[in-house]
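Shown next, in C-alpha cells, is the structure this report addresses.
The values are calculated or read from the model by the stated rules, or taken from the named source; none is laboratory data. The shown structure was predicted, so the numbers you read here are calculated from the model rather than taken from an experiment. For neighbour counting, all protein chains shown are included, and Cβ atoms are generated from backbone atoms with ideal geometry for every residue, glycine included. These accessible areas exclude ligands, DNA and RNA; they are computed on the full protein's heavy atoms, side chains included. Shrake-Rupley method; radii C 1.70, N 1.55, O 1.52, S 1.80 Å.
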Amino acid sequence: MLRIAALVAVAIAVLVVSSGIATRASNSRHLRQLTTAQAQPVVTVTAPQRGTTSYAMELPGRLQAYSRAPIYARVNGYLKSWSVDIGSSVQAGQLLAEIEAPDLDQQLSQAKADLMTAQANAALATTTAVRWQQLFKTDSVSRQDVDMKNGDFAAKQAIVKATKANVDRLQVMEGFKKIVAPFSGIVTARLTDVGALINAGSGAGLELFVVSDTHKLRLYVNVPQTYVARVTPGTKAQITVPERPGQTFTATVEASAQAVDPASGSTLVQLAVDNEAGELFPGAFANVRFDLPLASANLRVPASALIVDHSGVRVATIGPDGRVAFKPVQIARDLGDVIEISAGLAATDRIIDSPPDGIDKGDRVRLAPGATSGGMLAAALPPTSVAGAGRCGSTSLQLVRLLAAGLPRCPPP
C-alpha cells in the first residue's frame, strides 16, 4: 500500500510540475505574441480617390463700366446751371450743364473787332496796290515802290487770316460753355453745383460729371499664373454679386494683360458682361467662377497623410509585403482637408493616414480595422488576449503584467 501511495504521489507531483511548466510556456508564448504585436505600429490605411475632370476656380473681381468718361471744363468761369443729377440716363449730345464765362465773351468781342480792323486795312492795301500797279505802267513810280505796296497788301491779308482764326478759336471755346454728354449712358457722378468756380483742364480741378455706359460692363480679375494658360478668350465664367443673392450672370473672357504681375504672381484678365437690364453696377465687387477642364483627373488624399520634411512632400504607403514605403508627390491643389496630387501616386496605392512619428522605410505595421482607437487596439492584440481582457475587465497593460508574472490571463475572483 505504501508503494502504491508513493507512486500516486509521484504521479501527482509529476502532473503538477508538467502542468506548471506547460502553463508557464503558454503564458510566455502569449507574452511574446503580445510584445511583438505592440511593437508594430497600428495605422489607418486609405485609398486615393479620383478627382473631377474639371476645376472650379473662384476668384474676386471688380466690375467697371464698358465706357467711362470723366468730364472736365474747357473754359474758366462759374457754373451757371446743371440739368442732370446722378443716376440720370442721358443721350449723346444732351446738355449736362452750362458755364458762365464773361472773360471769354469779352475776348471774343475783342477778336471780332480786331478782325474788322484787319479787314479794313487789307481793303485799303488792296486799293493802294492796284493803283501803284497802274502808275507803274506809265513809268510814274519805280518798280521798288510797286513791290513794297504789293508786299504790304499780302501782309494785310495774312493779318486778316490770323485774326479770323483767333475769332474761330474763341467761338469754338464759346461752345464749350455748354457741357454735353459724349455718349449715351448714365451720370454716375456730379461733383459741382451752381456758382462753383470752374477751372479749365483736368489738372486744375475735379471732374464736373462722370458719364458711364453700363449697357455692357467690363469685369477685371487677377488669375493665378498656374491657370492663366487655361483662361483663354471666349472662356465662360459665372459671376455672383452680394446685392443679388441667388442670381447668376454669365461673363465672357475678352482679353488678358499677357503679363504676370511680379508682386501678386497673377495676370489681369478682362471679361465682358451683358447688363441690358441694369442689374449690375460699375465699381461693384463680384465673385467669379471658372469651370476649367483638366487634362486628367488628379488623385485626392487626406491632408493628414502628407509628410513634409527636408526630403520634400511625401506620403507613406504600404507595399505588398506589408512594409512601409515613402513616395514623393507633387501637389496640384490644396482644398483644405483634402489635397489633390498631380504626380507620384497610383490609384492602387495604400496610403497611411496620419503616419505615426518615427515610422521609417521598411517598417512593418498593422492595419487598423477602423479609425477608432478601440479598433486599433483590437488589431494590435492577439485574439485570445483581447477576449480574456474583455472577460476580466482588465486593460492591456494589466494583461501584460499578469502574463509576465506567470499567472492565468483571468485572475480568480
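Of note:
- Magnitude of the charge dipole, segment 133-252, Cβ model with Lys/Arg +1 and Asp/Glu -1, debye to 20: 400
- Set of lysines near Lys216 by C-alpha distance (under 25 Å), chain-local residues within fewer than 8 positions excluded: Lys236
- In a reduced charge model with +1 at each Lys and Arg Cβ and -1 at each Asp and Glu Cβ, segment 245-341 shows a dipole moment near 600 debye about its Cα centre.
- For the residues Leu208, Leu367, a 1.4 Å probe over the protein chains yields an accessible-area ranking, largest first, of Leu367, Leu208.
- Inter-centroid distance (Cα atoms) of segment 48-111 relative to segment 200-261, Å: 17
- Kirkwood analysis of segment 191-261, using all unique Cα-Cα pairs, places the hydrodynamic radius at 16.4 Å.
- Summarising the amide proton neighbourhood of Tyr55: residues at separation of 5 or more, or on other chains, whose placed amide H is nearer than 5 Å comprise Leu292, Leu294.
- Residue separation of Gln110 and Arg230 scaled by 0.36 nm, minus their Cα-Cα distance, works out to 36.7 nm of gained length.
- Rounded to the nearest 20 debye, dipole of segment 322-363 from Cβ charges on Lys, Arg, Asp, Glu: 220
- Segment 175-324: radius of gyration and largest Cα-Cα distance (Dmax), Å: 24.9, 92
- All C-alpha pair distances within segment 1-154, sorted into 5 Å bins from zero, spread as 1, 6, 5, 5, 4, 4, 4, 4, 4, 4, 4, 4, 3, 3, 3, 2, 2, 2, 2, 2, 2, 2, 2, 2, 2, 2, 2, 2, 2, 2, 2, 1, 1, 1, 1, 1, 1, 0, 0 percent across the bins.
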